[in-house]
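> Shown below is the structure under consideration.
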Amino acid sequence: MNKILKNGLGLLILGVVAYNSVYFKKLDEVKKGNGKNTLDAKVYANSFYQDKILKNVDKSIEINELTNKLKTNPEETFKQYAHSLGIGNIRYFLVKATGKVTKINENTIDIEVDGKPYSVATEFIFGNAVRDASGIITMTTFENTMDFNNVSSELNEIIRNKVVPDLKKKATLGSQISLIGAIELNQKHLKLNEIEVIPVFLSDK
């Protein structure tokens with residue numbers, strides 16, 4: 001009898017221990033726990049695009065004005081209008097342009113702004129131009145470089161999925177389009193005849 005009682009008590013204790021050792025969490029909670037301190041880059045990028053970039057498009061400079069300034073006084077122009085969060089010669093500008101569509105290519109749309117030709121990217125949207133051109137984002141906002149770079153990728157996705165399709169609809173041969181865009185230039189090896197604009201926002205002007 002004592003043996004049976006001991007065995008029963010042992011099973012009861014084992015059951016209590018097992019019950020308290022095994023528990024379940026919702027999948028979202030597990031993900032949140034595993035991704036502690038990890039930024040939701042998609043949510044952040046959408047908010048940053050709507051609340052920061054679009055509300056600061058008035059900081060853009062007219063593209064022909066920029067190129068003229070770069071020809072006459074490149075050093076001062078880079079200091080005044082360029083933005084970058086890294087070292088090196090690559091700098092970004094936020095520009096505005098209203099031009100006539102002269103050619104529709106596979107990966108770009110060519111426009112002419114008061115006689116000066118530029119290309120607008122419609123396919124290869126990558127890099128940090130969209131993120132950095134406005135000069136209103138800083139690395140200190142983020143806990144790590146991975147989050148910072150993920151936000152850049154998500155901003156590029158917004159351009160690919162929302163801005164470029166609208167641009168392609170509006171851009172017919174001979175039509176006029178107005179946009180705010182980001183450009184990347186190398187201040188040491190400046191090539192003003194090869195400027196490609198990444199569209200950031202289409203305006204109605």
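The values are calculated or read from the model by the stated rules, or taken from the named source; none is laboratory data. Not measured: the values here are computed from a predicted model. Here Cβ is always computed from backbone atoms with ideal geometry, including for glycine, and neighbour counts include all displayed protein chains. For the accessible areas, the whole protein counts, side chains as well, though only heavy atoms, and no ligand, DNA or RNA atoms are used. Shrake-Rupley method; radii C 1.70, N 1.55, O 1.52, S 1.80 Å.
> How large is the convex hull of the C-alpha atoms of segment 110-154 per residue, in Å³?
83
> Is segment 111-205 best put as rounded, prolate or oblate by its Cα gyration tensor, with a ≥ b ≥ c the root eigenvalues, rounded for a/c under 1.5, and otherwise prolate when a/b is larger than b/c, oblate when not? Each step should come with its number before you reach the end.
On the way: a/c = 2.47, a/b = 1.50, b/c = 1.64.
Judged from the Cα gyration tensor, segment 111-205 comes out oblate (a/c at least 1.5, b/c at or above a/b).
> Hey, can you grab everything whose amide H is under 5 Å from the amide H of Thr108? Only 5+ residues off in sequence or another chain; H modelled, so Pro and N-termini drop out.
Thr122
> Treat each spin label as a single point 7 Å out from the Cα along the C-beta direction, and report the Ser203 to Asn186 distance in nm.
About 3.1 nm separates the two model spin labels.
> First measure r as the distance between the Cβ atoms of Ser153 and Lys55, then evaluate 1/(1 + (r/R0)^6) with R0 = 25 Å and state the FRET efficiency to the nearest 0.05. Display every interim value, and only then the final one.
Working: r = 22 Å, r/R0 = 0.88.
Computed FRET efficiency for Ser153 and Lys55 comes out at 0.70.
> Under 11 Å from a point 7 Å along the Cα-to-Cβ line of Glu65: which residues of segment 176-205 have their amide N that close?
Zone members listed by number: none at all.
> I would also like to ask the following. Got the relative contact order for segment 112-205 handy, in percent, Cα pairs under 8 Å and 6 or more residues apart? All intermediate terms of the calculation are to be shown ahead of the outcome.
On the way: 96 pairs, mean separation 36.6, N = 94.
Relative contact order comes out at 39 percent.
> Taking the Cβ-Cβ separation of Thr98 and Met139 as r and a Förster radius of 25 Å, what is the calculated FRET efficiency to the nearest 0.05?
Details: r = 33 Å, r/R0 = 1.34.
Step by step, r from the Cβ atoms, then E = 0.15.
> Quick one: which residues, 5+ away or cross-chain, put their amide H under 5 Å from the amide H of Val197? H built at 1.01 Å from N.
Ser119, Val120, Ala121
> In what sequence, largest accessible area first, do Met139, Met146 appear using a 1.4 Å probe?
On the way: Met139 85, Met146 110 Å².
Ranked list, largest accessible area first: Met146, Met139.
> Give me the accessible area of Glu75, 1.4 Å probe, in Å² rounded to the nearest 10.
Its heavy atoms expose roughly 130 Å² to the probe.
> How many percent of Cα pairs in segment 50-163 exceed 18 Å?
Details: 3767 of 6441 pairs.
Above the 18 Å cut-off, segment 50-163 has 58 percent of its Cα pairs.
> Another question about this same structure. List the chymotrypsin sites (Phe, Trp or Tyr not before Pro) within segment 81-139 that DSSP assigns to loop and that have no more than 12 neighbouring Cβ atoms inside 10 Å. Write out the running numbers ahead of the final one.
Numbers: sites: Tyr81, Tyr92, Phe93, Tyr118, Phe124, Phe126; in loops: Phe124, Phe126.
Here the chymotrypsin sites (Phe, Trp or Tyr not before Pro) that fit, given the DSSP loop and packing criteria, are Phe124.
> Pop the C-beta distance of Asp114 and Asn161 into the FRET formula with R0 = 41 Å and round what comes out to the nearest 0.05. The partial results should precede the final answer.
On the way: r = 31 Å, r/R0 = 0.75.
After rounding to 0.05, the efficiency reads 0.85.
> Something else now. Quick one: Karplus J couplings for segment 94-99, per residue in order, coefficients 6.51, -1.76, 1.60, θ = phi - 60°, nearest Hz, x for Gly and Pro?
My calculation for segment 94-99 gives 9, 10, 10, 8, 10, x Hz in order.
> Leaving ligands and nucleic acids out of the surface, order Asp166, Asp110 by accessible area at 1.4 Å, largest first. Don't jump to the answer; show the numbers that get you there.
Details: Asp166 75, Asp110 35 Å².
My answer, sorted largest first, is Asp166, Asp110.
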